[in-house]
1. For a quick check: with amide H placed at 1.01 Å from N, whose amide H comes under 5 Å from Glu65's, ignoring anything fewer than 5 positions away on the same chain?
2. How big is the dipole moment of the stretch 110-178 about its Cα centre under a simple scheme where the beta carbon of each Lys and Arg is +1, that of each Asp and Glu is -1, and everything else is neutral? Debye, nearest 20, please.
3. Highest mean first, what order results for 84-90, 115-121 on Cβ atoms within 10 Å?
Amino acid sequence: ATATAAAAEMSLIRPTYAEEPAVKAGSGSVRELLLRRHRMTIAGKEAFVTSVNGSVPGPLLRFREGEDVTLRVVNEMDDTSSIHWHGLLVPYQMDGVPGVSFDGIEARTTFTYRFKLRQSGTYWYHSHSSMQEQTGMYGPIIIDPAQRDPVEANREHVVVLSDWTFENPHRVMSRLKK
């Protein structure tokens, strides 16, 4: 009974890419990512999350090596945000680290990331602002090789793991520093 209840609960927060293959966009296509702060039920409790397109983790972004990527990131929150493309070789202005490579995405504004993909593989994206990663702002990236993939499969499964706490992440960080 407990396993059935847990499975039912997980189905409420399981992102769509856990069920269906990702929609692949062609080179030069523009994708929009909406950043929001809202309530969500996690493990039967209400929590404030930072979501990308309404999900935690955020949606799977799938591209092809050599593709020109344009991502319009709409910050619908009341505080500054950012997205860092972890492991991707991108121009420094597109790296998404506030205070290092750009000023961040101000509240209620849009920032457009543009870069050419120079590699293939599995990566992830996440926020570098206000502990937003710890409240759900992260997601997977798959970059298919430019040439035929040497590994064939009938079905792919994307697994994204993260810790969750109902404790305020600023408090967690403060306690870690002591």
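No lab work stands behind these numbers, since they all come straight from the coordinates. Bear in mind the structure is a predicted one, so any value in this text is a computation, not a measurement. Cβ: placed from backbone, ideal geometry, glycine included. Neighbour counts: every protein chain shown.
1. Asp144, Ala146
2. Values: 9 positive and 7 negative charges, 84 e Å.
About 400 debye.
3. Per-residue Cβ counts within 10 Å, averaged per peptide and sorted highest first, yield 84-90, 115-121.
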